[in-house]
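Everything on this sheet refers to the single structure shown next.
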Amino acid sequence: MPNVAVIGATGAVGDVFLRVAEQRDFPIDQLKLLATARSAGKQLQFRGQSITVEETSEAAIADADIVFCSATSEASKHWGPIVRQHGGVMIDDGSAYRMEPNVPLVIPEVNGDDLEWHEGIVSIPNCTTTPLAMVLHAMRAVATPVRVTASTYQAVTGSGAAAARELEAQLRAIGRGEPIPPLEVYPQQIAMNVLPQVDDFADEGYTKEELKMRNETRKILHLPDLPFAATCVRVPTIVGHAETVHAEFDRPVALDELHRALGAQPGILIGERPEDYPTPLTAAGNDLTHVGRLRRDPTIPDDRGVVFWCVSDNLRKGAATNALQIGEELIKRKLLRRS
């Protein structure tokens, strides 16, 4: 069994990572929980044992076969080469390496074969990219997507634990009739509001999040020129990213064929009736991508377009679970560098 280290163990994803690793019975020989100096010394529970969090250091990761990293991009860029130098594999939750040509960007149910060419670092997609890419991959059994337009409705934990605390503090203040506390995470009040900005603004008025969705979906599906546009919105929910997606295909598609393809895809659950639509509460606490409201897009001719709604738990399948599944796939394929 591999030695495992977790960088960012005290963060929102790190907490979920430990719970999901227990649930999946992920094989671990020795486990080290790592974080910044201010979190060192904290006690976290795993499989009935109390483990002391250590400050991340080269010595702490030197013997790790797998390092799961859910920290800042700066931390990923710093520790990734060190993990690789010591013969381990870093599975990175951040955006630092996603578009590097020699780093696989992997959803195991979609492109697990890309792990075969890893060089010691593997990236997991952005938490909005994962459910979308899973659905489009399933639909490719019927027809190839040639254009995608998406709108997202993203929970605050996508910004980390501090954002969840900010929303909760604002809701308490509103409930008590008190002034909203000073803003720390978001540029405007998030409680009782929605913000059409996720991440900083970048090229041509798009945010970095919107460009991540486009670029990552193209890379995962091996469709480098796929026309793609997104609008990403932060909403006042704690867990669960939802998306409305318009997809155009290279030929006419039958809804019943798409429905069957989605039902056959591991990791996807699709409702049978229009009213069987999922919500963030549906997805919270499980690892499925939930799909509903699959219907025709009448603005696209010749029955080549559809609209659908999908939701997933951004902390589980959008982060921790996908990382663990990559670890499982590396073990199954005997792709750990020390094996």
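The values are calculated or read from the model by the stated rules, or taken from the named source; none is laboratory data. Remember, predicted model here, so these are calculated numbers, not experimental data. Backbone-built Cβ (ideal geometry, glycine too); neighbour counts: all protein chains shown.
Restricting attention to region 174-188, does a residue exist that is outside the structural domain of His86 (by TED's automatic domain parsing), touching a His at 6+ places or on another chain (Cβ under 7 Å) and surrounded by fewer than 19 Cβ atoms within 10 Å (Cβ to Cβ)?
Step one: of region 174-188, the residues outside the structural domain of His86 (by TED's automatic domain parsing) are 174-188.
From what's left, touching a His at 6+ places or on another chain (Cβ under 7 Å): none.
No, region 174-188 has no match at all.
Could you tell me how many of the residues in region 285-315 are assigned to a loop (DSSP other than H, G, I, E, B) and not basic (Lys, Arg)?
Of the residues in that region, 14 qualify.
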Those residues of region 1-38 which are more than 24 Å from the chain's Cα centre (by Cα) and farther than 19 Å from Ile91 by Cβ, in sequence order = Ala37, Arg38
note = Those residues of region 250-284 which are in a loop (DSSP other than H, G, I, E, B) and without any contact (Cβ under 8 Å) to a residue 12 or more places away in the chain amount to Glu272, Arg273, Glu275
query = Out of curiosity, is Asn193 in contact (Cβ under 8 Å) with a residue 40 or more places away in the chain, within 28 Å of Leu281 (Cβ to Cβ) and of a type outside the set (Phe, Trp, Tyr)?
reply = yes
remark   = Inside region 124-170, the number of residues satisfying the requirement of being touching a residue at least 24 places away in the same chain (Cβ under 8 Å), over 20 Å from Gln197 (Cα atoms) and of a type in the set (A, V, I, L, M) is 11
ask   = Regarding Val67, is this residue in the same structural domain as Ala96 (by TED's automatic domain parsing), modelled with pLDDT under 95, surrounded by 13 or more Cβ atoms within 10 Å (Cβ to Cβ) and not in a loop (DSSP other than H, G, I, E, B)?
value = no
query = In region 112-138, how many residues are assigned to a helix (DSSP H, G or I), more than 22 Å from Glu257 (Cα to Cα) and more than 14 Å from the chain's Cα centre (by Cα)?
reply = 6
Extreme residue, nearest to Gln23 (Cα to Cα), among residues of region 325-338 that are touching a residue at least 12 places away in the same chain (Cβ under 8 Å) and surrounded by fewer than 23 Cβ atoms within 10 Å (Cβ to Cβ) = Glu328
ask   = Name the residues in region 28-73 that are free of Cβ contacts under 8 Å to residues at least 60 places away in the same chain and among the polar types (S, T, N, Q), would you?
value = Gln30, Thr36, Ser39, Gln43, Gln45, Gln49, Ser50, Thr52, Thr56, Ser57, Thr72, Ser73
key: Selection within region 188-226 - of a type in the set (A, V, I, L, M) and not in a loop (DSSP other than H, G, I, E, B)   = Leu195, Leu211, Met213, Ile220, Leu221
ask   = Only one of Arg165, Arg98, Arg140, Arg147 is surrounded by fewer than 24 Cβ atoms within 10 Å (Cβ to Cβ), among the charged types (D, E, K, R) and assigned by TED's automatic domain parsing to the domain that holds Asp65; which?
value = Arg98
key: Residue in region 165-187 that is in a loop (DSSP other than H, G, I, E, B) and touching a strand residue (DSSP E or B) at 6+ places or on another chain (Cβ under 9 Å) present   = yes
query = What single numbered condition from (1) at pLDDT below 95; (2) more than 21 Å from Gly94 (Cβ to Cβ); (3) surrounded by 13 or more Cβ atoms within 10 Å (Cβ to Cβ) fails to hold for Glu204?
reply = (3)
ask   = How many of the residues in region 278-319 are among the acidic types (Asp, Glu) and either touching a strand residue (DSSP E or B) at 6+ places or on another chain (Cβ under 6 Å) or surrounded by fewer than 18 Cβ atoms within 10 Å (Cβ to Cβ) (or both)?
value = 3
message = For region 20-64, give me each residue that is assigned to a helix (DSSP H, G or I), small (Gly, Ala, Ser) and in contact with a helix residue (DSSP H, G or I) (Cβ under 8 Å, 6 or more places away or on another chain).
response = Ala21
query = How many residues are of a type outside the set (Lys, Arg) and under 15 Å from Gly8 (Cα atoms) if we restrict to region 22-38?
reply = 6
